[in-house]
Amino acid sequence: MSGVLSFAARRALQVVPLLLIVSLLIFALVHAAPGGPLSLYLDNPNVRPEDIERLRGQMGLDQPLPAQYVAWLRAFVAGDWGYSYADGRPVMDRLLERVPATLQLVGISTLVAVIAAIVVGLLSSAHRGFDRATTIAAVAGISLPVFWLGLVLQLVFSNALGWLPSSGRSSFGGTDWLDRVAHLVLPATVLAAAHAAAWSRYLRTSMQQALREPFITGARSRGVSERRIITRHALRNALLPFVTVVLLDASMMASGAVVTESVFAWPGVGGLFTEALAKRDYTVLMAFLMCGSVAVAVLNLVADVAVHALDPRTRGES
Amino acid sequence: MKRLLWGAALALAACSKGAGRTGASNDLLIVGYDREPDTMNRYATHILEDIQSCVIEGLVTTDERMDAIPVLAAELPSLANGGVVLRPDGGMDVIWKLRPGVTWHDGHSHTSADVKFTADAMIKGDWKPESTDGFDRISSVETPDSLTAVVHYKEVYAPYLMQFLRGTLPKHLLEGRDIDKATDYNRSPMGTGPYRVAEWKTGEYVLLEKAPNYWRGTETPKINRILFRFLSNTTTRINQLKAGEVHLVPLVPWDKVRELKAVPSVRLNQVLGNGYEHVTLNQRHFPPFADLRVRRALAHAIDRELLVRTILDGLVTTVNGPIQPLSWAYEPKVATYAFDPAKAKALLDDAGWTIGADGIRMKGGRPLSFTIITQAGFAIRENVAQALQKQFKDIGVATQVKLLDGTSISPVWFSGEFDAMLHWWQQGADPEITTFFAADKIPPAGRNIDYLDDAQLTKLLYASDRTVDRAQRRELLRQVQIRVAELVPELFLYNTSKIDAVPATLTGFKGNPSNAGPFWNVHEWNLTSAEP
Amino acid sequence: MIAMPRAGRRTAQVAATGLVLLVFLAVLAPYVAPYGVDTIDLAHRRAAPSPLHWFGTDELGRDVLTRVLFGARISLAIGLVSAALSAAIGVTVGAMAGYFGGATDAFLMRATDAMLSVPRLPLLMIAAAVLAPGVPLLIVLVGAAGWMETARVVRAEVQSITTRDFVAAARALGGTATRVLLRHVVPGVVPTAAVSMTLAVGRGILLESALSFFGVGVQPPAASWGNMLYQAQTTMSSEPWLALFPGAFIFGTVLCCNVLGDSPSVGSRDPRTGV
């Protein structure tokens, strides 16, 4: 067990330089903007040149870039993420208040995608004909532009058929769970689709590998039923790498959430991002990217450690 | 198992069919709004004040014909009723008589002290008001009694009536505080209006509820709650309106109107706008525009009627000048430039621009070729820009279209770094246009981004600003409009008419051409019966 | 590891043919397109698909088929060139990391991990918004955001190749690192890199469409599949063909790329799209 802990600590240490690189990248990007973070204020004819100079000083923009970077990073780590240019409220407040909606959407989508991937993965490793069909369907699912799928589903299920609400997280005053679920169906489907496709393909491949392992052949020769072999033996073996893949795809989920939340007016962090992008609200954009990267890095770390801890081969070493 | 899932989905669909689609009623009206406010403080917000205007009332507002009407003021001050006094020193005094019996939502009386507090806060400007227009010309405010505020102007200021359109700041709440940081006020402002903020759920909605003891009487307003849902995506907004998830959408983009015409639960209310779409010709950045013949040729090259009939679906009307037909100062008899490519070509020939090898006109080795910038994200504008590109090409003028997003276009026009720009100005109800055309009003002083420099026009503009008598001012502004049309400093296209989609059962809705917004008379709205 | 089934090979042939045909049409667009790409015909705007206009016309009466064909030039160019760029960066980084190992490897892989942990689409959206790129810069941005997967698989491949005898021999004979890399190692990773690049083409096209969909990609009046969708989204319910055809072309093209690249030999990971 101590082996796992030291492994986790070692990997956690490696995340630090990684995040430093990320922060440098993000900082450089935002400061490449023509006019810099202050260009927004030019919009307002009432902001005088001397005001701009004053703001420049206040925000430390008259400092050399490396000094600005260090100051920004220090403040960021200390939890001082600055204020949104758009409404003057602390960036952290703006992000945090939208986190639950995003977690809900991403969580449900992941769950849906995982279940779909397991069902499809199991069926396609059991039936050859089904496998052919799902292979095509899965590659198709990966190839669909997310926003296009969203628009088409909206058009069909909400506008044409009127079955589901087209957007939002709930109707106003709609406290019952049915209303919330109805609002979730389309965005969760869209966000889950591509992942379900990719993950089912992955699971199928690792199942097929597992099915060729000696212990499966052994089980078969002992007369264990095929259904039992697939669900008990092969699936159990294929599940661990599958879970790590799910965790490693967190970055993709983040990208997908930005698109999905925008199409379905979902009041989450992704929606805040597109809004902040339109307003060039740099403090919000930087905080969003940093948080997204940290979340992804942490989930990847968890995946690594999980593999290390649960893999019988590495476990044997420690 | 698959069948089971499908059955569950159907059951869910059946149950949710009615969810969130209650018709509009006097209990709840749901508005699909295109953006979330930055602050509820009317003086600080950078967006239209629709939500705020339900909570905070001005001393005056402007109605659907753009006429000023008193709200918290008992009457409109004018020279005739002694409310405006021209001082011998060249300044002027405006005497505001406040409506008695008006209280803030917390029961405090609304008094002249609030007017003075507001003006002082704006003059001091130690916070971030959106604009200090007019306040910068006020020297002081006196309050002889609790219902009279005398505003001393340093100079004659013709648009004085609109000075307190955005209302007053509550002195008893804000005195001695940093207004920028008064989050309580900025999120849920103290007003005198028919509604107050019940809840602001960031990213989702603002819910307004009927304010107690509204000064117009307990029968008003009739609608108990108004919910503003933030739906920045136009398609989403319109889809929700069609589905009945929202009931009212202000300012429907013209290209969405035809989709809504067939929706029985929706009525489209159209008023003329107080803005005009036009092409600014930046004479400083692209010197050929300084030649009057070139500007006139471009004006003759545009088939505005065709643009209006097709791209605009006939929903707007062409205009020939900056002051719009609803204004009391509007002058229809000005020079116009009919679609006439032959005349356009002749004018360019005359100006020395001759057709070059590639069909583009040249003069002194330089092509008549410029870039039109416009804001990205507006399908109509992108389409109009491309249609103009084609029509200019027909007379041998090359253009490039460049789309810039809303934030990056501002520094560009503000610094004058563009040739031509397709856009519109939303103007105040007062017909002051000095800031757009006076020679000294080039940025950063004003918004003369045509960089027009005409001494006669500048003189007329300033004279009209310093004339309070309406008949005299109208005559001056008539001459202004004639001069502007002669000079054609920008290519006038069409009036930006305003179309609001409202529930078919809503009565009392009148719309509004100006920034006062369609909610100006929300206290009169009534939903006669809920839809089935 | 697993041989492709016969049907899979046939599917791959169909996909390859489809892609080649599309590239062909794109290159020949000025000759095969029935109308001019910017020919505005306000009298026949928003026309539904008909024998005259197979894919209908748009808000300005321009022929949608023509614009889809011209859009293919930009969308495919972005997909193909950015993928080539990604492959170049990815192979360089991966080969260096795998060949030199040690500190070089550690540094390059940290950088790769760092790039992988930034959510790709938001990063690109900010970059595109900040830089307001033309098509060439857009290609660079998309390419620069997509090399990490290639770098990883190439590194693994190189690590396995360098342990083989002929490379060890070449090194022992005193070949310079560059020479050994170029002569012996890089040729060995070509199949892997090719597959990885095929997937990157699809990813690049999807990224372009997403960027344009958010209004920060290719700007009108130039046509790309993504910005055609961006313009069509407001009229989805009244003129669905405006969104249907560009969307179908994006889907079809990416599908072809993914079918071609969908070989289990790519490595343990499945093709992942960018969007």
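A quick yes/no check of all residues on (1) part of a strand (DSSP E or B); (2) within 24 Å of B:Asp465 (Cβ to Cβ); (3) over 27 Å from the mean Cα position of the chain (by Cα); (4) not small (Gly, Ala, Ser):
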{"site": "B:Gly82", "(1), (2), (3), (4)": "no, yes, yes, no"}
{"site": "B:Val94", "(1), (2), (3), (4)": "yes, yes, no, yes"}
{"site": "B:Pro100", "(1), (2), (3), (4)": "no, no, yes, yes"}
{"site": "B:Asp106", "(1), (2), (3), (4)": "no, no, yes, yes"}
{"site": "B:Ala119", "(1), (2), (3), (4)": "no, yes, no, no"}
{"site": "B:Met122", "(1), (2), (3), (4)": "no, yes, no, yes"}
{"site": "B:Lys128", "(1), (2), (3), (4)": "no, no, no, yes"}
Consider A:Ser166 carefully, then state whether it is in contact with a helix residue (DSSP H, G or I) (Cβ under 9 Å, 6 or more places away or on another chain), modelled with pLDDT under 80 and within 10 Å of chain B (Cβ to nearest Cβ). yes
Out of curiosity, is B:Val246 more than 14 Å from chain C (Cβ to nearest Cβ), out of contact with any Asp or Glu (no Cβ under 6 Å at 6 or more places or on another chain), in contact (Cβ under 8 Å) with a residue 60 or more places away in the chain and within 26 Å of B:Pro503 (Cα to Cα)? yes
With respect to B:Arg309, determine if the residue is among the basic types (Lys, Arg), free of Cβ contacts under 8 Å to residues at least 40 places away in the same chain and surrounded by fewer than 23 Cβ atoms within 10 Å (Cβ to Cβ). yes
Residue hits (the range A:114-136; under 23 Å from the mean Cα position of the chain (by Cα) and either charged (D, E, K, R) or more than 11 Å from chain B (Cβ to nearest Cβ) (or both)) are A:Val114, A:Ala117, A:Ile118, A:Val120, A:Gly121
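Considering only the range A:212-229, state which residues are assigned to a helix (DSSP H, G or I) and either farther than 16 Å from A:Val120 by Cα or of a type in the set (Val, Ile, Thr) (or both).
The answer is A:Pro214, A:Phe215, A:Ile216, A:Thr217, A:Gly218, A:Ala219, A:Arg220, A:Ser221, A:Glu226, A:Arg228, A:Ile229.
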What are the pairs with Cβ atoms under 9 angstrom where one residue, in the range C:24-41, is among the aromatic types (Phe, Trp, Tyr) and the other, located anywhere, is loosely packed, with under 13 Cβ neighbours inside 10 Å and not in a helix (DSSP H, G or I)? Sequence gap at least six, or different chains. none
Name the helices (runs of 4 or more DSSP H) wholly inside the range A:90-155 in which the number of residues that are surrounded by fewer than 17 Cβ atoms within 10 Å (Cβ to Cβ) is 1 or more. A:91-96, A:99-126, A:128-143
Any hit, the range C:152-167, residues being surrounded by fewer than 24 Cβ atoms within 10 Å (Cβ to Cβ) and under 20 Å from the mean Cα position of the chain (by Cα): yes
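Kindly indicate whether A:Thr205 is crowded, with 16+ Cβ neighbours inside 10 Å and within 23 Å of A:Gly292 (Cβ to Cβ).
Criteria not met by A:Thr205.
Residues are listed down the side, and each one gets a yes or a no for (1) more than 14 Å from chain A (Cβ to nearest Cβ); (2) among the basic types (Lys, Arg); (3) in contact (Cβ under 8 Å) with a residue 24 or more places away in the chain:
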residue	(1), (2), (3)
B:Thr374	yes, no, yes
B:Ala379	yes, no, yes
B:Lys390	yes, yes, no
B:Val397	yes, no, yes
B:Val401	yes, no, yes
B:Ser415	no, no, yes
So which of B:Gly58, B:Gly18 ends up being part of a loop (DSSP other than H, G, I, E, B), within 13 Å of chain A (Cβ to nearest Cβ) and either crowded, with 23+ Cβ neighbours inside 10 Å or modelled with pLDDT under 90 (or both)? B:Gly18
Need the failing condition index for B:Arg237 against (1) out of contact with any Pro (no Cβ under 9 Å at 6 or more places or on another chain); (2) surrounded by fewer than 21 Cβ atoms within 10 Å (Cβ to Cβ); (3) basic (Lys, Arg), just the number. (2)
Tally time: how many residues in the range A:230-281 are crowded, with 24+ Cβ neighbours inside 10 Å, assigned to a helix (DSSP H, G or I) and among the aromatic types (Phe, Trp, Tyr)? 1
Out of the range B:249-262, which residues are without any contact (Cβ under 8 Å) to a residue 24 or more places away in the chain and either more than 14 Å from chain A (Cβ to nearest Cβ) or part of a loop (DSSP other than H, G, I, E, B) (or both)? B:Lys261, B:Ala262
Sole residue being at pLDDT below 95 and over 17 Å from B:Pro159 (Cβ atoms), chosen from B:Gly134, B:Gly125: B:Gly125
Which members of the range B:280-296 meet the condition of being of a type in the set (Phe, Trp, Tyr) and in a loop (DSSP other than H, G, I, E, B)? B:Phe286
Can you name the number of the only condition in (1) at pLDDT below 95; (2) within 18 Å of the chain's Cα centre (by Cα) that B:Leu306 fails? (2)
A:Ser221 versus (1) farther than 26 Å from A:Cys291 by Cα; (2) within 14 Å of chain C (Cβ to nearest Cβ): which is the lone unmet condition? (2)
Would a scan of the range C:207-214 turn up a residue that is within 14 Å of chain B (Cβ to nearest Cβ), within 17 Å of the chain's Cα centre (by Cα) and without any contact (Cβ under 8 Å) to a residue 24 or more places away in the chain? yes
Quick check, is A:Met290 within 7 Å of chain C (Cβ to nearest Cβ), surrounded by fewer than 23 Cβ atoms within 10 Å (Cβ to Cβ) and among the aliphatic types (A, V, I, L, M)? no
Within the range A:169-187, identify whether any single residue is away from chain B (no Cβ under 14 Å) and buried (at least 19 other Cβ atoms within 10 Å of the Cβ), and answer yes or no. no
Filter the range A:135-150 down to the residues that are polar (S, T, N, Q) and modelled with pLDDT of 80 or more and list them by number. A:Ser143
Kindly establish whether B:Gly90 is out of contact with any helix residue (DSSP H, G or I) (no Cβ under 9 Å at 6 or more places or on another chain), in contact (Cβ under 8 Å) with a residue 40 or more places away in the chain, over 30 Å from B:Asn233 (Cα atoms) and not aliphatic (A, V, I, L, M). yes
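Among A:Leu149, A:Leu161, which is without any contact (Cβ under 8 Å) to a residue 60 or more places away in the chain and under 22 Å from the mean Cα position of the chain (by Cα)? Break it down stepwise before answering.
Details: A:Leu161 fails: under 22 Å from the mean Cα position of the chain (by Cα).
Unique residue meeting the criteria: A:Leu149.
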Restricting attention to the range B:379-417, report how many residues are in contact with a His (Cβ under 9 Å, 6 or more places away or on another chain) and either under 21 Å from C:Val218 (Cβ atoms) or surrounded by fewer than 19 Cβ atoms within 10 Å (Cβ to Cβ) (or both). 4
Please go through the range C:220-235 and give me each residue that is surrounded by fewer than 22 Cβ atoms within 10 Å (Cβ to Cβ) and either hydrophobic (A, V, I, L, M, F, W, C) or not in a helix (DSSP H, G or I) (or both), ordered by number. C:Pro220, C:Pro221, C:Ala222
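The values are calculated or read from the model by the stated rules, or taken from the named source; none is laboratory data. From a predicted model like this one, the values you see are computed outputs, not experimental measurements. No Cβ is skipped: glycine too gets one built from the backbone with ideal geometry, and neighbour counts run over all protein chains shown.
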